[in-house]
Amino acid sequence: MALTKRSLVLGATAVAVTAVTVTNAGLHLSRGQAFFQESPKELIDEVWQLIDRTYVDATFNQTDWVAIREDYLGRSYGDRESAYEAIREMLEELNDPYTRFMDPGEFRDMQIDTSGELTGVGITITQDEESKDIVVVSPIEGTPASDAGIMSQDVIIRIDGESTEGMDTSDAVGLIRGTVGSSVVLTIRRGDEEIDFELERARIEIHPVRYSLENSPAGSIGFIRLTQFSANADDEMEEAIEALEEEGVQGFILDLRSNPGGLLDESISIARMWLDEGLIVSTVNRQGVSDTQSANGTALTDLPLVVLVDGGSASASEILSGALQDNDRAILVGTQTFGKGLVQSVRGLGDGSGIAITVAKYLTPDGRDINQEGISPNIVIELSEEERETLSMNQDQIGTLSDPQYVEALDALVGIIAQDGALPTAVTLP
């Protein structure tokens, strides 16, 4: 995969979407592989140096990073796998599930994941920082996992009968991936219930945007559902907005529920389609604010906007929804978002492996730190377990009058339109 933009990728550690930034460092594979064979310690030290220079926390999460280097470089390594294992152990000292090493196969998979075409079952996963459970951030709409009824916040306790206790996300990804047409059984814990899902792996071409024209008491409404910030998301979003504008809609509902994130550039580009002016996001590394992104006067519409979010709306979704909320461009309806506010950089290493390093966090225009807190909607409406399961198993009902959160968003949008596009005075934006 060739990432043609700035290549920041935002999302929970995932089967389908990985949280990384890809650079060209160390991709001269033939020379690097030969060098690695001569001195595997050089690879370990290269990883240590990258962490030392770029990790977001200058205290390295209260570890003695210099002592760790001395420890691991003082050992002997007989082969590539032992060096890989040492790197993974070294990174565990940071207690950061998003900073991780990828062997060459895992690194290739990560690059495929952001290209808009996937092979797998179509779920995004993360590791809970406290319990260490493997948790589903969200299923990707229209994939085997989604069609089978796997839901956000499900806990994966076994993969083909193998317990996930003590397993990291990379190992889980390796077990879930496989040949197209083969099957994998995921055992899910949902509340007090354990459920087995047998899923057939598939090649999945993602079209992240779907849209429709809906009727309302205020006239025609444009409904746009964005499921992922993949490489084609901004083109498809532009097409959707322009097509609905031509139909004479009175306002828009943008659905970011169960959207686990994706490419940062896509979220900024899409934010600029809705915002004509204002700050979109600030990126903060350990030296302070390193980058800001703002609207640039290229908005495609100024019609009223309501955004749907939930606990599966992560990372790039939180950048977009936070920017629209802080700039008083939209009100948010649904439930608290996931709370993933860290930026990873992925560096290719000399032997074809790679490392993802947490290098920064991002803030909304009002300076809110998204990480762990998430974005709070203006109008909170929870779905019951029964309603969640019904929508999960009947996805054609999403964005219809059978979808309680959509109905609430529609009511809010009708109210805004009735006030000539002004946000309701009863709504207080944080």
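Figures for the structure shown
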read-out	value
Sparse-neighbour loop sites [GluC sites (Glu not before Pro); the range 222-282; at most 14 other C-beta within 10 Å; DSSP]	Glu247, Glu277
Positive-end extreme of charge dipole, the chain - chosen from Tyr72, Asn232, Thr364 (charges on Cβ)	Tyr72
Pairs of alpha carbons in the range 233-359 whose separation is greater than 24 Å (percent)	32
Burial ordering of Lys132, Lys41, fewest other beta-carbon atoms within 10 Å first	Lys132, Lys41
Rg over Rh [alpha-carbon atoms, Kirkwood Rh] for the chain	0.98
Of all DSSP beta bridges in the chain, antiparallel share, percent nearest 5	75
Lysine pairs within the chain, Cα separation less than 23 Å, 8 or more sequence positions apart or different chains	5
Taking the chain and dividing mean pair separation by its residue count, relative contact order in percent (alpha carbons under 8 Å, at least six apart)	19
Mean ellipticity per residue at 222 nm, deg cm²/dmol - from DSSP H runs of n ≥ 4 across the chain, formula -39500 (n - 2.57)	-9000 deg cm²/dmol
Likely footprinting exposure, Tyr362, Tyr98, Tyr77, fewest C-beta neighbours within 10 Å first	Tyr77, Tyr98, Tyr362
Cβ-based charge dipole, the chain, positive-most Cα from Ile331, Trp274, Tyr211	Trp274
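Quick note: the coordinates plus some simple rules give every number you see, no bench work behind them. Keep in mind that this is a model prediction, so the values were computed, not measured. Here the Cβ is made from the backbone with ideal geometry for all residues, glycine too, and neighbour counts use every protein chain on show.
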